[in-house]
1. All but one of (1) touching a residue at least 12 places away in the same chain (Cβ under 8 Å); (2) crowded, with 17+ Cβ neighbours inside 10 Å hold for E109; which doesn't?
2. Looking only at region 85-107, count every residue that is under 24 Å from the mean Cα position of the chain (by Cα) and under 13 Å from S8 (Cα atoms) and tell me the total.
3. Which residue out of S78, S51 is surrounded by 13 or more Cβ atoms within 10 Å (Cβ to Cβ) and either in contact with a Gly (Cβ under 6 Å, 6 or more places away or on another chain) or among the small types (G, A, S) (or both)?
4. Identify the single condition in (1) in contact (Cβ under 8 Å) with a residue 60 or more places away in the chain; (2) assigned to a helix (DSSP H, G or I); (3) in contact with a helix residue (DSSP H, G or I) (Cβ under 7 Å, 6 or more places away or on another chain); (4) over 25 Å from E19 (Cβ atoms) that A100 does not satisfy, given that it satisfies every other one.
5. Which of the numbered conditions does L145 fail, given that it passes all the others? Conditions: (1) under 30 Å from R40 (Cβ atoms); (2) under 24 Å from the mean Cα position of the chain (by Cα); (3) surrounded by 13 or more Cβ atoms within 10 Å (Cβ to Cβ).
6. Could you please find all residues in region 173-224 being at pLDDT below 90 and not in a loop (DSSP other than H, G, I, E, B)?
7. Quick test of your reading of the structure: T92 fulfils all but one of (1) out of contact with any helix residue (DSSP H, G or I) (no Cβ under 9 Å at 6 or more places or on another chain); (2) hydroxyl-bearing (S, T, Y); (3) buried (at least 19 other Cβ atoms within 10 Å of the Cβ). Name the failing condition by number.
Amino acid sequence: MLTNNLISLLDQTFPGLKELFTSPAREKDGHEKWLDFAARFWHCECVGGSSLNAFTEAYRKWCKRSGYYCVSADEIHSLSRQCAAVMPKNDTTKSLITLAVAQVNAVAESLAAVAREMKRLAESLPEYPVVLAFRGVGEILGPQLIAEIGDVRRFSKKSSLVCFAGLEPTDNQSGKFDGDKKISKKGSPHLRKALFQVMDCLLKHSPADDSVFHLLDRKRAENKHYYSYMNAGAAKFLRIYYARVSAYLRTLET
């Protein structure tokens, strides 16, 4: 909500600014380059009001102080000259933008601290390296999966874990209506969300040697509904997760 509010303000002072930056959030504080840039160059006239050489030098110094790579100075300056700002360049507008940036960064810093703590706790668990070895799973989704699933040995079989996630198929009938089967959704919605993010990552990167991606790609080619192949892929991922993690933990026990 705070990010959308900031983007709405920037659309009136520096439209199109966010699209020029693709850097991910920094792990140490959660800050994103476009946010910190907007706090310093909050209006298109802050950039377009000076020559390209003058802005490039100011931008270079800002990047050095802020710990960012100095790239796209030409694109930023060119965009600023093309912008038509609605809000004027004055102290009131500056206060609105800088306050909005500060609010977003405050939330980002809190989320980054939580993510670091989740990673620290997850790294102490024996299954952590096995979970991170899965395609589509990284240092954010890995701890989320571990936190939601817990000790995989508490499930007696693969299907129990699938049911825990609410991904088991159920009948879709009412009176004379007999529709296609759908998932129960009785399990953890947070686990299903994390699994969908893993599936989305697999579809984006298309690893040729991943069996879950092969299932997603095959069902997608069969013109199955989006949720149909995403749920099928998530269920297959959980079955593989159960097999690999439980086997690894048994090996450690012996």
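1. Every condition holds for E109 apart from (2).
2. 2
3. Result: S78 is the single residue among S78, S51 that is surrounded by 13 or more Cβ atoms within 10 Å (Cβ to Cβ) and either in contact with a Gly (Cβ under 6 Å, 6 or more places away or on another chain) or among the small types (G, A, S) (or both).
4. Going through (1) in contact (Cβ under 8 Å) with a residue 60 or more places away in the chain; (2) assigned to a helix (DSSP H, G or I); (3) in contact with a helix residue (DSSP H, G or I) (Cβ under 7 Å, 6 or more places away or on another chain); (4) over 25 Å from E19 (Cβ atoms) one by one, A100 breaks only (4).
5. (1)
6. The answer is Q173, S174, F177, D178, G179, D180, K181, K182, I183.
7. All conditions are met except number (3).
Residue-by-condition table, conditions (1) in the same structural domain as L132 (by TED's automatic domain parsing); (2) surrounded by 15 or more Cβ atoms within 10 Å (Cβ to Cβ); (3) within 18 Å of L145 (Cβ to Cβ):
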site	(1), (2), (3)
F213	yes, yes, yes
D217	yes, yes, no
N223	yes, no, no
M230	yes, yes, yes
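The values are calculated or read from the model by the stated rules, or taken from the named source; none is laboratory data. Everything numeric here is computed off the predicted structure, so don't read it as measured data. All Cβ positions, even for glycine, are placed from backbone atoms using ideal geometry, and neighbour counts span all protein chains on display.
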